[in-house]
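Just below is one structure, and these are the notes that go with it.
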Amino acid sequence: MATTLLRPDQTFYPSPRLAAKAPVETLAYMVTFDPARKEPDGLVTVDVDPKSKGFGKQIGRVDAPNVGDEFHHFGWNVCSSSLCPYAAHPHLERRYLLVPGLRSYRIYVSARGNPDGDAPGGVFVIDHDTFAVKGRWELDRGPQKLAYDFWWHLGYDTAITSEWGTPKMVEGGVNPELLLAGEYGHKIHIWDLPKRRHRQEIDLGKEYQMVLELRPAHDPSKAYGFVGVVTSLKDLSASIWTWYLDGSSYKIEKVIDIPAEPADPEVLPPLLQGFKAVPPLVSDINLSLDDRWLYVSAWGTGEFLQFDVSDPFKPKKTGSVHLGGIVRKAAHQTSGPLNGGPQMVEVSRDGKRAYLTNSLYASWDEQFYPEGIKSWAALINAKPEGGLSLDGGFFTTFQQRTHQIHLEAGDASSDSYCYS
């Protein structure tokens, strides 16, 4: 009698420790977009196998059926949390990439606002088989109005959301009046995950504008994580904060300051000339699967930083490289002067490689890099003992602007785990 052997998707891992031992990626997927909105955006496949003749090169592309989407963040349809014992879905497959259009809204996953471009923003739930929108996730949003990123601590039945601004606040670029008035997001929100109800609001203060990327500890027994703040109204610095569970409530503490760099107003874009400085503009962060290394993209100054966060309250800077930057325009060893800067960062599951792109959002690109972003992607190697190296990586330019990269079968920001 014939039998069928049923196995979970081989890219699922019970724990981050086991995922770190997964096969090394040979492909990466990257979204690109046309800022002029004349040509379709695309999903690009990049060869990231160092043994291949096409290493670092585009080897495939799928065009969107429409123009004007502005592809931005994207991700897999399922992840390793499908193995969680209390909500097991081991039959699911990691086979689809969901790619929302930030301007067209043709696929909603996380929404920054309502159809009129105003608050509230929030989270939509979609069916992982049909991709039909099931509806709003929040049953009780409490005081939450602004939205951006969302993550969770599965072992604590807790979700966390951050804040940027409504579509009307961000689609035309930074609004100086709103910024100086402290009207962009400056809070994180704590939610009861299974009950879908707001539990706690944590206000960092109006000085800290645009509380964006959330990176919780991968170890599900740990209830802490990191969030990046784009800028401070006091001195244009950027910062990283650690949230953590203290008793029955969550608290937050600033653990990293990244200062602005003085600059001649004549070499600054009009938006910054009055400040006589280049802000770091931390636009993305990422955390290695062992929860030891935190990576920070300072899009304004062109710096990519590595911190040892073995103690999440006392990070130690262990590495830094420069690529691009508003003033510095630092070159890669295989290029001339670059613009744009390290923006979205993705880290391999074994923690040895970091992949960067250099475009943030078309209207924001034009404000901070008015000469026009010449788009690129780069691979930077991370040393086991700490430190970063451009040696052995790649640097590739692209016709369309690059935004986010995800790696074949998963990466450091694609999965959640239910076991340590």
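If you scale each eigenvalue of the Cα gyration tensor by 5 and take the root, what three semi-axes come out for the chain, rounded to whole angstrom and sorted largest first?
Listed largest to smallest, the semi-axes of the chain are 30, 26, 22 Å.
Distance in nm between label sites at E385 and R95, each 7 Å beyond Cα in the beta-carbon direction?
4.7 nm
What ranking, highest mean first, results for peptides 400-413, 326-339 when packing means the other Cβ atoms within 10 Å averaged over each residue?
400-413, 326-339
What's the ranking of 207-218, 168-179 by average number of surrounding C-beta atoms within 10 Å, highest first?
Top to bottom by mean Cβ count within 10 Å: 207-218, 168-179.
Is there a quick way to get the dipole size of the chain? I mean about its Cα centre, with the Cβ of Lys and Arg at +1 and of Asp and Glu at -1; what is the value in debye to the nearest 20?
It comes to approximately 560 debye.
Between K21 and S248, what's the calculated FRET efficiency when r is the beta-carbon distance and R0 is 51 Å? Round to 0.05.
0.90
Considering only Y361, A412, P14, whose Cα is most displaced toward the positive end of the charge dipole of the chain, charges sitting on Cβ of Lys, Arg (+1) and Asp, Glu (-1)?
Farthest along the dipole direction, towards plus: P14.
Counting other C-beta atoms within 10 Å, and keeping those with at most 12, which DSSP coil chymotrypsin sites (Phe, Trp or Tyr not before Pro) do you find in the stretch 248-356?
Those satisfying the criteria are F313.
Please give the residues of the stretch 230-261, grouped as numeric ranges, whose backbone N is less than 19 Å from a label point set 7 Å along the Cα-to-Cβ vector of F313.
From the stretch 230-261, the list is 240-257.
With respect to the cross-link table entries K195/K314; K21/K222; K134/K206, which display a Cα-Cα separation exceeding 26 Å?
Going by Cα-Cα distance, K195/K314; K134/K206 fall outside the 26 Å limit.
So if the hydrodynamic radius of the stretch 334-420 is defined as the Kirkwood radius over C-alpha pairs, what does Stokes-Einstein give as its diffusion coefficient at 37 °C and 0.692 mPa s, in µm² per second?
It diffuses with D of about 230 µm²/s by this estimate.
Read-outs: derived from the displayed coordinates by stated rules, not from any lab. Just so you know, these numbers come straight off a predicted model, no measurement behind them. Note that we place each Cβ from the backbone using ideal geometry, even for glycine, and neighbour counts take in every protein chain shown.
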